[in-house]
Amino acid sequence: LIKSLEDNLLAKLSQTEGSLVDDTELISVLRKTKTTSQEVKEKIEGSIENERIINQAREQYRPVAARGSILYFLVSELALVNHMYQTSLAQFLGVFDASMRNAAPTQLAPQRILNIITEPMYSA
């Protein structure tokens, strides 16, 4: 979008004869380009803020991911003790997802994280 506006503006500038101020079509293109670039700038600023918020929320749940990873590798290593303890990633994810669903919900992220981490220890 910006590239096409820029190309259009450059084409109008190169085709203009006489005073630039008298060319109403050029002024119209300049206004549209300025407005569009301002809108794009605002959207970029908004997306940067959204990215920051998402990253912050994602980082809060990193302990859950770390605990899940530890649990999976512990369970998968049980197969070295006896082959009857073999488990698949899909099976583990089913149990892990169920523990996330069964963890007591709360509005506070730190408490929710604690509930998710401790749920597998207390479920049957």
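Is segment 90-97 home to any residue that is under 23 Å from the mean Cα position of the chain (by Cα) and closer than 15 Å to Tyr61 by Cβ? Among the residues of segment 90-97, at least one is under 23 Å from the mean Cα position of the chain (by Cα) and closer than 15 Å to Tyr61 by Cβ, which makes the answer yes. Restricting the first member to segment 50-77 and to residues that are farther than 19 Å from Leu93 by Cβ, and the second to residues that are assigned to a helix (DSSP H, G or I), the beta-carbon pairs closer than 8 Å and six or more apart or on different chains are Ala57/Ala109; Gln60/Ala109; Gln60/Pro110; Gln60/Ile113.
Pairing residues of segment 14-37 that are within 18 Å of Ile2 (Cα to Cα) with residues that are in a loop (DSSP other than H, G, I, E, B), at Cβ distances under 8 Å and at least 6 apart in sequence or on separate chains, gives Leu26/Thr16; Leu26/Leu20; Ile27/Val21; Thr36/Leu1. Of all the criteria given as (1) part of a helix (DSSP H, G or I); (2) loosely packed, with under 15 Cβ neighbours inside 10 Å; (3) more than 25 Å from the chain's Cα centre (by Cα); (4) not aliphatic (A, V, I, L, M), the one not satisfied by Thr87 is (1). Summed over segment 107-124, the residues that are surrounded by 15 or more Cβ atoms within 10 Å (Cβ to Cβ) and not basic (Lys, Arg) give a count of 7.
When Leu74 is tested against (1) under 24 Å from Leu114 (Cα atoms); (2) open to solvent by less than 100 Å² (accessible area, probe 1.4 Å); (3) not β-branched (Val, Ile, Thr), exactly one condition is not met: (2).
Can you tell me which residue among Ala104, Ala66, Ala79 is out of contact with any strand residue (DSSP E or B) (no Cβ under 8 Å at 6 or more places or on another chain) and surrounded by 12 or more Cβ atoms within 10 Å (Cβ to Cβ)? Break it down into steps so the answer makes sense when it comes.
Working: Ala104 fails: surrounded by 12 or more Cβ atoms within 10 Å (Cβ to Cβ); Ala66 fails: surrounded by 12 or more Cβ atoms within 10 Å (Cβ to Cβ).
From the options Ala104, Ala66, Ala79, the qualifying one is Ala79.
The values are calculated or read from the model by the stated rules, or taken from the named source; none is laboratory data. Not measured: the values here are computed from a predicted model. Virtual Cβ from ideal backbone geometry, glycine too; neighbours counted across all protein chains shown. Note: areas computed on protein heavy atoms with side chains; ligands, DNA, RNA excluded. Shrake-Rupley method; radii C 1.70, N 1.55, O 1.52, S 1.80 Å.
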